[in-house]
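Worksheet: one structure, shown below.
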Amino acid sequence: MTFELLLVLAAGLFCTGLFGALSRQSIVMIMMGIELMIGGIIVAAADFWHFLAPAAGSGQVVIVAAVVAMAVEMAMGFAVTTAIYRARQVDMTDMAEDLKG
């Protein structure tokens with residue numbers, strides 16, 4: 001795998017996630033789109049770290065922190081979605097307007 005090919009893969013993941021997040025109304029599908037976007041960012045960060053500064057350990061720390069943040073975000077998002085669905089049998093963003101600040 002080359003540097004450019006991995007950047008194309010990262011851009012593809014990000015664009016697919018962006019399309020999924022903007023085109024769907026289901027909360028689960030929006031969260032999956034956001035996860036794809038974060039996955040693309042992680043692939044790009046790992047690509048830059050691997051090809052530009054492989055000796056530096058800080059790149060690994062950033063990647064692990066991003067993966068942990070992604071896992072926490074997904075756990076919290078699915079918990080909120082499950083709570084909303086159990087309370088009102090709603091899984092669409094338009095029907096969950098009370099989440100607005």
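The values are calculated or read from the model by the stated rules, or taken from the named source; none is laboratory data. The structure displayed is predicted, hence computed values, not measured ones. Neighbour counts run over all protein chains shown; Cβ positions are idealised from the backbone, glycine included. Calculation scope for accessible area: heavy atoms of the full protein, side chains included, ligands and nucleic acids excluded. Shrake-Rupley method; radii C 1.70, N 1.55, O 1.52, S 1.80 Å.
General observations
- When residues of the stretch 1-33 are limited to those that are touching a residue at least 40 places away in the same chain (Cβ under 8 Å) and in a helix (DSSP H, G or I), the one farthest from the chain's Cα centre (by Cα): 3
- Within the stretch 53-65, residues that are among the polar types (S, T, N, Q) sit with their Cβ atoms under 9 Å from residues that are surrounded by 11 or more Cβ atoms within 10 Å (Cβ to Cβ), at 6+ positions apart or across chains, in these pairs: 58/49; 60/46; 60/49.
- Checked against the criterion of being under 20 Å from residue 81 (Cβ atoms), surrounded by 16 or more Cβ atoms within 10 Å (Cβ to Cβ) and touching an Asp or Glu at 6+ places or on another chain (Cβ under 7 Å), the candidates 31, 70 yield just one match: 70.
- Selected residue [assigned to a helix (DSSP H, G or I), closer than 25 Å to residue 11 by Cβ and either of a type in the set (D, E, K, R) or open to solvent by less than 40 Å² (accessible area, probe 1.4 Å) (or both)] from 63, 84, 38: 63
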